């Protein structure tokens, strides 16, 4: 068995494709991709913030102070228009003549004596995820309303020191019991699982194809089968190889993300990474690795079974495509907002490991549940491996 | 010394698999299974070279795969130097060297590593395998490319490496499945020389082939398999005498189509 293991590892290490998938991808390609993604997102947000919105204001003379504030706001640009009807304004916005229409009620008066509520209308396209118009306009309106409020209260005989008691009788101070680690874990924990688990799968899949279907395609399988070692030993040797690369891939990724994070963090002065690293103890990292071990074993056994069944590289790759979809489904479930690790979720393979990793990063893992998840994953892995071994004994699988 | 008796092997036909018309006419197809090998018996003494002849799909490869323990027969027995291949496959495998024209090498390993891997799988010690590989590389004139990766070798080098790999554990019998099919003339010569050298050492060789000239120049015994049955098994001379003028092709046709049954094939 160890002979097979050693030889497969030697061969894989000499293969450029494996090096790419297992080492280069996580060390260089992924961080670069994520970096670019982050830059693009940051850029989009920045552009949205700097964008200038053309507006039309109806009955501006009723609220001159607001009109002036709008006029001098750097993100708003006034456009002249003869339109006054809401429908016509809507149509004009759709035709991209301007972006925003503000209709101030005709009967509005900024006088302090006016004590009726007035209803205004704003018209714009609200489909954007970053609704900057809403943000900027509300800021202006809030300031304007506050001024009116104070003036009106003053006219009613409320002095400025009583204003707070009247407008906000209760002020709330919030004290968060969650440690900063728990907050952070909730935010990035699911994401970490989402990266680690597929990486284990990818790390397993290329070598699995190479040493299963590849062996068939090259015509070396037959020779291997008639060597005086049992087929179980051959399968276990191959299985361990696949498992090793899967885990190596995950480990290298974690290390590389940590390293890159540290570099970027120290360059940009962001200490969130350092914080995460310091809160995550060695024990937690080992526990995460412990959870990944049986999961990778499941992947390795499954992939090897598929690969040895296939007649060629191509066929094996065709089988692996749908398999990765099956793996992603429970992962997506685990990443849904509001999904917590309950006993019911602990029964769902893959999703339970993803949630356990999240809990481990948050530092709120229930140790009993962790053991149950680990145990059930080990049992599934054992069953898969047993299947793989018996699968490897079948003539109709080996000589298709 | 190899003795094979009444081998039979069938492969299940998956449900829904449609048989072609020609397959339906083949007596070996039943509703559930394809009886690839029905009754094959022959034996081969030490120092003898046995040629296995037969049309495509006759059951030659299946027979050789059973011999090499890759497949398990449904019934029959295979004895190699008294060891039953079926009950003691691991022990029997140590006595067998197997090679076919489609046998591949591990492309990213060197010639030496390819051979050494199989030597280790055969349980050879490091010193023993080093000595044996050195010996084989000298014999096959392979030292020049011992450290070259198989991916970068010519087909002749690959075939030599495959030969060295097949005999590194000094097998008691060598089984070759169409060893010269698809090889160029030079490489074929390497294989034939190798069979000859095995014969000189007294190692029995069983090989299947479609080339009657190879049979004529090498074989002591001839077995013809047709439709999963060993239709002929005797010495080369007896085989040759099956045709009036000693023409091997005619002799082969006479075995496949005994007089009076010709219609079946027309």
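The values are calculated or read from the model by the stated rules, or taken from the named source; none is laboratory data. These numbers were taken from a predicted model, which means no experiment stands behind them. Neighbour counts are summed over all protein chains in view; Cβ atoms, including those assigned to glycine, are modelled from backbone coordinates with ideal geometry.
Looking only at residues in region A:8-25 that are away from chain B (no Cβ under 11 Å) and touching a helix residue (DSSP H, G or I) at 6+ places or on another chain (Cβ under 7 Å), which one is farthest from residue A:252 (Cα to Cα)?
So, considering only residues that are away from chain B (no Cβ under 11 Å) and touching a helix residue (DSSP H, G or I) at 6+ places or on another chain (Cβ under 7 Å), the one farthest from residue A:252 (Cα to Cα) is A:9.
Would you mention how many residues in region A:386-397 are out of contact with any helix residue (DSSP H, G or I) (no Cβ under 7 Å at 6 or more places or on another chain) and within 13 Å of chain B (Cβ to nearest Cβ)?
Total satisfying the criteria: 3.
Filter region B:45-62 down to the residues that are surrounded by 21 or more Cβ atoms within 10 Å (Cβ to Cβ) and either more than 14 Å from chain A (Cβ to nearest Cβ) or in a loop (DSSP other than H, G, I, E, B) (or both) and list them by number.
Those that are surrounded by 21 or more Cβ atoms within 10 Å (Cβ to Cβ) and either more than 14 Å from chain A (Cβ to nearest Cβ) or in a loop (DSSP other than H, G, I, E, B) (or both): B:49, B:50, B:51, B:52, B:53, B:54, B:58, B:59, B:60.
Test of understanding: among A:36, A:104, which residue is more than 18 Å from residue A:135 (Cα to Cα) and touching a residue at least 24 places away in the same chain (Cβ under 8 Å)?
A:104
Given the options A:315, A:359, name the one that is in the same structural domain as residue A:241 (by TED's automatic domain parsing), modelled with pLDDT of 90 or more and assigned to a helix (DSSP H, G or I).
None of the other options fit; the residue is A:315.
Restricting region B:76-107 to residues that are more than 23 Å from residue B:182 (Cβ to Cβ) and in a loop (DSSP other than H, G, I, E, B), which is farthest from the other protein chains (Cβ to nearest Cβ)?
Of everything passing the filter in region B:76-107, B:82 is farthest from the other protein chains (Cβ to nearest Cβ).
I'd like to verify a number: residues in region B:63-75 that are surrounded by 19 or more Cβ atoms within 10 Å (Cβ to Cβ), on the phi < 0 side of the Ramachandran plot and within 9 Å of another protein chain (Cβ to nearest Cβ), how many?
4
Here are some residues: A:50, A:67, A:88, A:42. Which one is in contact with a helix residue (DSSP H, G or I) (Cβ under 7 Å, 6 or more places away or on another chain), free of Cβ contacts under 8 Å to residues at least 60 places away in the same chain and either surrounded by fewer than 11 Cβ atoms within 10 Å (Cβ to Cβ) or away from chain B (no Cβ under 14 Å) (or both)?
Answer to the selection: A:67.
Could you please find all residues in region B:108-129 being surrounded by fewer than 19 Cβ atoms within 10 Å (Cβ to Cβ), more than 10 Å from chain A (Cβ to nearest Cβ) and not in a helix (DSSP H, G or I)?
B:125
In the list A:202, A:211, A:234, A:226, which residue meets the criterion of being in contact with a strand residue (DSSP E or B) (Cβ under 7 Å, 6 or more places away or on another chain), in the same structural domain as residue A:246 (by TED's automatic domain parsing) and crowded, with 18+ Cβ neighbours inside 10 Å?
Among A:202, A:211, A:234, A:226, only A:226 is in contact with a strand residue (DSSP E or B) (Cβ under 7 Å, 6 or more places away or on another chain), in the same structural domain as residue A:246 (by TED's automatic domain parsing) and crowded, with 18+ Cβ neighbours inside 10 Å.
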